1. Tell me the residue from Tyr317, Tyr338, Tyr258 that is at pLDDT below 95 and either in contact with a helix residue (DSSP H, G or I) (Cβ under 7 Å, 6 or more places away or on another chain) or over 20 Å from Pro190 (Cα atoms) (or both), please.
2. Of the residues Ala221, Ala241, Ala248, which single one is buried (at least 20 other Cβ atoms within 10 Å of the Cβ), more than 10 Å from the ligand (Cβ to nearest atom) and at negative phi?
3. Among the helices (runs of 4 or more DSSP H) confined wholly to the stretch 36-153, which include 3 or more residues that are touching a residue at least 12 places away in the same chain (Cβ under 8 Å), out of contact with any Phe, Trp or Tyr (no Cβ under 9 Å at 6 or more places or on another chain) and more than 16 Å from the ligand (Cβ to nearest atom)?
4. Give the stretch 110-133 a look and list any residue that's in contact with an Asp or Glu (Cβ under 8 Å, 6 or more places away or on another chain) and buried (at least 16 other Cβ atoms within 10 Å of the Cβ), or say none.
5. Quick check on Leu324: is it free of Cβ contacts under 8 Å to residues at least 60 places away in the same chain and surrounded by 18 or more Cβ atoms within 10 Å (Cβ to Cβ)?
6. Spot the failing condition for Ala214; the list is (1) free of Cβ contacts under 8 Å to residues at least 40 places away in the same chain; (2) crowded, with 21+ Cβ neighbours inside 10 Å; (3) of a type in the set (Gly, Ala, Ser), and only one is missed.
7. Is the stretch 13-22 home to any residue that is under 20 Å from Ile104 (Cβ atoms) and among the hydroxyl-bearing types (Ser, Thr, Tyr)?
8. Can you spot a residue in the stretch 154-163 that is in contact (Cβ under 8 Å) with a residue 12 or more places away in the chain, part of a helix (DSSP H, G or I) and more than 16 Å from the ligand (Cβ to nearest atom)?
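The values are calculated or read from the model by the stated rules, or taken from the named source; none is laboratory data. Since the model is a prediction, treat every value here as computed from it, not as a measurement. With ideal geometry, Cβ positions are generated from the backbone for all residues, glycine too; neighbour counts draw on all protein chains shown.
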Amino acid sequence: MRRKVILVTGAAGEIGTALIEQLLQQGISDILSLDIRPLPPSLQSKVIHTVGDICDRALLERIVSEYEIDTIYHLAALLSTRAEFTPEAAHRVNVEGTLGLLQIASDQSDWRGKPVLFIFPSSVAIYGLPDLSTKAQFPRVREWEWNYPRTMYGSNKLYCEMLGVYYSKYYRQLAVERPIMVDFRSVRFPGLISAFTVPSGGTSDYGPEMLHAAAQKKSYACFVREDTRIPFMAMPDAINALLKLAAAPVERLSRRVYNVTSFSLSAGEFREWVLRSFPDAEITFEPDLRRQAIVDSWPEDMNDNDARRDWGWQPEYNLERSFLEYLVPNIQRRYQKY
Ligand code: AKB
């Protein structure tokens, strides 16, 4: 018999490590993690880790031969800024990697006669507003509005959402006997902020970078204008959203892809919040016009009413709690020596 596991891809990344810690805290230890990097030492002995590429089909097949995959948290991705430097590689990881996993999930669902749960983090980057006046006119977008991403990453995420819906509703729709479908569910995250890790390769990174730099007494030049406003969320809420969506009864879901968010603030307001706790922080604004254009195309806020109604989504960390109870104390502790 194969051992039943939860598969987490991108396990060594920001969301991956936080998710695995939370699963372990809930007493779930049958976790198979996959990443091109090793896990942080604190997690290494607690889960079964495979170092490898999600695009390596032979590796995925070997995993399937050894384990029964019950749930997949597919977190591996190349983020929006990094993807612009290597768009084809981003497409390979973000799209082909996801397609391969959906196929495996689909085969597994059919084979065991029960859907594999496939949880996929999407992003605010799937939105693309053409200019700042339109951004001001549509401050709180619904799921189906402005789906015109201007980055490779946003396009990849939007297409993978569609692939997920396809695999959960229409896969092999012309076959005489319909297979058991994958149970695909996705949340569109805003910019995420963790107290324990600094993101890399994203375009919403200026928020967390500002905060982590201040705590280390390093000066920081923010790469967007002061008035740039996008939505954000503290990492514990992001993990909570993934777990809550995974646990929701399928009959309660009126969609497969949901906006989730917590608070929106401008880069200038972000700086003010950082200064409240780190009054000596040196934060300047030196916009990089190319990265600025990407963030300008993202909405100020996302309407997450459907997630609230269907599966009781509600962020636990609003702006004040995020800074004062989660981010600042943990970041201060982390960089105590500075
Ligand atoms: C990025 O900036 O690329 C990510 C995202 C918003 O999905 N943080």
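1. Tyr338
2. Details: Ala221 fails: buried (at least 20 other Cβ atoms within 10 Å of the Cβ); Ala248 fails: buried (at least 20 other Cβ atoms within 10 Å of the Cβ).
Result: Ala241 is the single residue among Ala221, Ala241, Ala248 that is buried (at least 20 other Cβ atoms within 10 Å of the Cβ), more than 10 Å from the ligand (Cβ to nearest atom) and at negative phi.
3. 57-66, 97-112
4. Pro115, Val116, Leu117, Phe118, Phe120, Ser122, Ile126, Tyr127, Leu129
5. Values: free of Cβ contacts under 8 Å to residues at least 60 places away in the same chain: yes; surrounded by 18 or more Cβ atoms within 10 Å (Cβ to Cβ): no.
No, not satisfied.
6. Of everything listed in (1) free of Cβ contacts under 8 Å to residues at least 40 places away in the same chain; (2) crowded, with 21+ Cβ neighbours inside 10 Å; (3) of a type in the set (Gly, Ala, Ser), Ala214 misses just condition (1).
7. No, every residue in the stretch 13-22 fails to be under 20 Å from Ile104 (Cβ atoms) and among the hydroxyl-bearing types (Ser, Thr, Tyr).
8. yes
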